[in-house]
Each structure stands twice: as structure tokens, then as C-alpha cells.
1. Find the residue count for the stretch 125-144, including only residues that are surrounded by fewer than 21 Cβ atoms within 10 Å (Cβ to Cβ) and outside any loop (DSSP other than H, G, I, E, B).
2. Among the residues of the stretch 14-31, which ones are touching a Ser or Thr at 6+ places or on another chain (Cβ under 8 Å) and either under 16 Å from Ser91 (Cα atoms) or of a type outside the set (S, T, N, Q) (or both)?
3. Filter the stretch 75-103 down to the residues that are among the hydroxyl-bearing types (Ser, Thr, Tyr) and under 18 Å from the mean Cα position of the chain (by Cα), then identify the one that is farthest from Leu19 (Cα to Cα).
4. Of the residues that sit in the stretch 100-124 and are in a strand (DSSP E or B) and touching a residue at least 12 places away in the same chain (Cβ under 8 Å), which one is surrounded by the fewest Cβ atoms within 10 Å (Cβ to Cβ)?
5. Residue check: is Ser204 within 16 Å of the ligand (Cβ to nearest atom) and surrounded by fewer than 24 Cβ atoms within 10 Å (Cβ to Cβ)?
6. Considering only the stretch 29-61, state which residues are without any contact (Cβ under 8 Å) to a residue 24 or more places away in the chain and crowded, with 16+ Cβ neighbours inside 10 Å.
7. Please go through the stretch 12-64 and pick out each residue that is out of contact with any Leu (no Cβ under 9 Å at 6 or more places or on another chain) and not in a helix (DSSP H, G or I).
8. Can you pull out the residues in the stretch 62-80 that are small (Gly, Ala, Ser), in contact (Cβ under 8 Å) with a residue 12 or more places away in the chain and surrounded by fewer than 24 Cβ atoms within 10 Å (Cβ to Cβ)?
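Each reported figure results from applying straightforward, stated rules to the coordinates on display, with no laboratory input. Here the structure is a predicted model, which is why all the values come from computation and not from measurement. As a convention, Cβ positions derive from the backbone with ideal geometry for all residues, glycine included, and neighbour counts pool all protein chains shown.
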Amino acid sequence: MNQPTSYKRVMLKVSGEALMGNRDYGLESATVRRIAEDVKGAVALGAEVCLVIGGGNIFRGIAGAAAGMDRAQADYMGMLATVMNALAMQSALEKQGLPTRVLSAIPMQSLCEPYIRRRAMRHMEKGRVVIFAAGTGNPFFTTDTAAALRAAEMECDALFKGTQVDGVYSADPRKNPKAERYVTLTYLDMLARDLLVMDAAAISLCRENKLPIIVFNIHEPGAFTAVMKGEGKFTTVV
Ligand code: UDP
């Protein structure tokens, strides 16, 4: 039988910046729609898909702290930004006809469900796309770490990290034309070479849980669906 994808359940991490499209701030609806279409393509392959969306297009705690705010307070604002993005993505996914639930690490009962692991699992088993909002619910963490944490909790087969370029490079390929793209890497390579694709806490969590990280270009239309089929360019970290 022709197997469209070997993945049964996957986590997709999308940074807030990826939702900005050509704008300097906030959301570009055409970009959110394109990513939602890509998620639909992946779901059509028969996989269960969950998402963590960052908040950097709206607010980052570290920027608030640099401007003189209390860091923890600023991080809570960052987490609220991820909830806004999650609601925008939910709307876009529903427009694609995908049943979707937002589960927030910080309870906001008028907007979405609280994060309860068993409930999240059940939603996924029923074929709903689950979006985990508000990161880990704790300041001083990132949404990369939230994605690794929820992927481990949901027993995902892999964490797909959509970035600005088609994999992990030895240097920024947009600045250095000689930068080399890695096809595969180990978690320890990523940590030792300080390859800044994900923060160290997220990489360590994936390593401890033997969760492969697949890095690909989220700006390429249909890239997530293609990479789920093993097509296109990407870097696998194992
Ligand atoms: N954040 C947090 N705890 C978490 C996840 C996120 O405090 O578990 C805050 C933090 O301030 C961060 C902001 O939310 O800067 C937005 O998340 P992130 O920077 O990871 O978003 P991305 O870079 O993926 O857009």
C-alpha cells in the first residue's frame, strides 16, 4: 500500500514572526491562511496534528525587560500574545473545515479550554487539530520549549519546526553564501555548535524524550505537507 506519511501524530511549531508575512508587526491574514492550508494538507495524509504558535510578532518578554519592565510580567504579556495568534490560527483552520481546539496553559475559560493533557489527547484521537496556547504557562520559557514539552506529553512522533530557511545551516545562509546545510544532525551537535534553531532547553527536552526535530522552511507553500511525506529540503535532528 502506498503510505502517504509514516507519522501518526506530530507537533508543528510556528513562530509568531512566521505569521507576519511581509508586515513588520502582527498578523498577515493571507500568511495565516497559507499555513492553515498546509496544516490541512498534513491532516489529509492521515496524521494527527497539534500546534504551538509563538508570540514574537506581537510581544516578546525579553524586549519588554530590555525596555525596563519586570521580566516575569513581560513574559506573561508574551504568553498572552501567543493566545491571540492561537485564536487567529483556529479561525483560519476552521475556515479550512478542520475541527480545532485551543487549549491554554493559562486558563481563559471565556476564550478557550484550559490545558488538560488527557483532554488534549482525546481531541487528537478524534481528529481535531489542537493548538496549545500560552506556551508552558511559565515565565522565563519559550514557545520552542512549550512545543517540545507538549510534543512529549502528546507522545508525538516528531516536532516539526518551521523556520525562515529550509533546514539547519552552519551559518545564516541569508548572510553567508558559503553556509552549509545539514541533512541530519544530533541533538548534541546542535547544542555543542550553538546552532540557534531552537533554545537549549527545548533541544534537551527533545533529546531526553527521543523526539526527532525536523527543521524546514515554513514560508514555502505546502512545505509542511511535503516534509511530512519526506519530500523537499529539511534537516532532521535525532
Ligand atoms: N513565553 C513565556 N513562557 C513560555 C512561552 C512563551 O514566558 O512558556 C513568553 C516569552 O516572553 C516569549 C513570548 O512569550 O518571548 C513569545 O514566545 P516566543 O518568543 O517563544 O515566540 P516566537 O519567537 O516563537 O514567536
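1. Our first condition is that a residue be surrounded by fewer than 21 Cβ atoms within 10 Å (Cβ to Cβ); within the stretch 125-144, this holds for 125-128, 137-141.
Checking which are outside any loop (DSSP other than H, G, I, E, B) leaves us with 125.
Final tally of qualifying residues: 1.
2. Answer for the stretch 14-31, where residues must be touching a Ser or Thr at 6+ places or on another chain (Cβ under 8 Å) and either under 16 Å from Ser91 (Cα atoms) or of a type outside the set (S, T, N, Q) (or both): Gly16, Ala18, Leu19, Met20, Gly21.
3. Ranking the qualifying residues of the stretch 75-103, first place goes to Thr100.
4. So the first thing to find is which residues in the stretch 100-124 are in a strand (DSSP E or B), and the list is 100-104, 113-114.
Subset that is touching a residue at least 12 places away in the same chain (Cβ under 8 Å): 100-104, 113.
Working: Thr100: 21, Arg101: 20, Val102: 23, Leu103: 22, Ser104: 24, Glu113: 17.
For the stretch 100-124, the residue satisfying everything is Glu113.
5. On the way: within 16 Å of the ligand (Cβ to nearest atom): yes; surrounded by fewer than 24 Cβ atoms within 10 Å (Cβ to Cβ): yes.
Spelling it out, Ser204 is indeed within 16 Å of the ligand (Cβ to nearest atom) and surrounded by fewer than 24 Cβ atoms within 10 Å (Cβ to Cβ).
6. Hits for the stretch 29-61 are Thr31, Phe59, Arg60.
7. Those that are out of contact with any Leu (no Cβ under 9 Å at 6 or more places or on another chain) and not in a helix (DSSP H, G or I): Ser15, Asn22, Arg23, Asp24, Tyr25, Leu45, Gly46, Ala47, Glu48, Gly56, Arg60.
8. Within the stretch 62-80, the subset small (Gly, Ala, Ser) is 63-68, 72, 74, 78.
From what's left, in contact (Cβ under 8 Å) with a residue 12 or more places away in the chain: 64, 72, 74, 78.
Once the filter is applied, which keeps residues that are small (Gly, Ala, Ser), in contact (Cβ under 8 Å) with a residue 12 or more places away in the chain and surrounded by fewer than 24 Cβ atoms within 10 Å (Cβ to Cβ), the stretch 62-80 yields Gly64, Ala72, Ala74.
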